[in-house]
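Read through the structure below, which is laid out as structure tokens, and then see the notes.
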Amino acid sequence: MAEIVTIARPYAEAVFRLAREQGTLAAWSEKLEKLAGLASSPDVAALIVHPNVAADQLAGLFRAAIGAGADDESGNFIRMLADNDRLAALPQVAALYEEMKRGEEGVKEAEIVSAFPLNEEQVATLARQLEGRFQAKLDVTVTVDPSLIGGVKVVVGDKVLDASVRSKLDAMRTALNS
């Protein structure tokens, strides 16, 4: 896995620098999402490694996937990937680009683990409170884990906020055993 990241990182960084300079972060995000989706398709993945499919043909296929959003920069980017046999790295390029874009925009990923399903209003309220605590815009995903018994556990980057009943019970057990 580290090898594909090593291959993809310079491409992601180059696209990110270009998009930031031109103010087209969102447009490139859409393009890379489409390209990554195409490269992830099993049929297209087989074409990418097929010895009888030329780089020109692959570049044309990927350029068509962008559609109306295709411009000189994206065409050159696709052509460069095709010429260097790097089209298979597109999903990782897109993931790295999104990570850089979120960092530029001050957005962090947050995972909320709840003992019970949360409705949209509850998630929105919790997200607002957490954004104030972590002083960042949060991209929230919610999962349900009944073993928490009650409350929530929040993970933002390397920080964990555990307000679950399970953690309180564990803390009480530790205190009583000491």
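Observations
- Helix content alone sets the calculated 222 nm mean residue ellipticity of the chain: runs of n ≥ 4 DSSP H residues at -39500 (n - 2.57) each, divided across all residues, give -20500 deg cm²/dmol.
- Taking amide H positions as modeled 1.01 Å from N, with prolines and chain starts lacking one, the residues under 5 Å from ALA115 and 5 or more places away or on another chain are ASP145, GLY151.
- Counting only Cα atoms, segment 126-178 measures 40, 22, 17 Å along its principal axes, largest extent leading.
- Exceeding the 23 Å Cα-Cα cut-off - candidates LYS31/LYS101; LYS101/LYS137; LYS137/LYS168; LYS31/LYS153; LYS34/LYS159; LYS108/LYS153: LYS137/LYS168; LYS31/LYS153; LYS34/LYS159
- Estimated inter-spin distance, GLU109 and ASP85, nm [label 7 Å along Cα→Cβ]: 3.0 nm
- Residues ALA68 and GLN122, FRET efficiency given R0 of 22 Å [Cβ-Cβ distance, rounded to 0.05]: 0.05
- Taking amide hydrogens as placed 1.01 Å from N in the peptide plane, the amide H of SER164 sits under 5 Å from those of VAL152, each at least 5 positions away in sequence or on another chain.
- Pair THR143, VAL49: separation of 7 Å Cα→Cβ label points (nm): 2.9 nm
- Surface per residue (accessible, 1.4 Å probe) for segment 80-178, Å²: 62 Å²
- Fully extending the segment from LEU18 to MET172 would add 50.1 nm, taking 0.36 nm per residue of separation and subtracting the current Cα-Cα distance.
- In the set (i) 1.13; (ii) 0.98; (iii) 0.92, the label that goes with Rg/Rh (Cα atoms, Kirkwood Rh) computed for this structure is (i).
- Computed lengthening from GLU30 to VAL165, 0.36 nm per intervening residue step minus Cα-Cα distance: 44.5 nm
- C-alpha center-to-center spacing [segment 118-178, segment 67-112] in angstrom: 32 Å
- Carbon + sulfur, % of accessible area of segment 1-124 - ligands and nucleic acids excluded, 1.4 Å: 52 percent
The values are calculated or read from the model by the stated rules, or taken from the named source; none is laboratory data. Because the structure is predicted, anything quoted here is derived from the model rather than measured. All Cβ positions, even for glycine, are placed from backbone atoms using ideal geometry, and neighbour counts span all protein chains on display. Accessible surface is based on the protein model in full, side chains and every heavy atom, while ligands, DNA and RNA are left aside. Shrake-Rupley method; radii C 1.70, N 1.55, O 1.52, S 1.80 Å.
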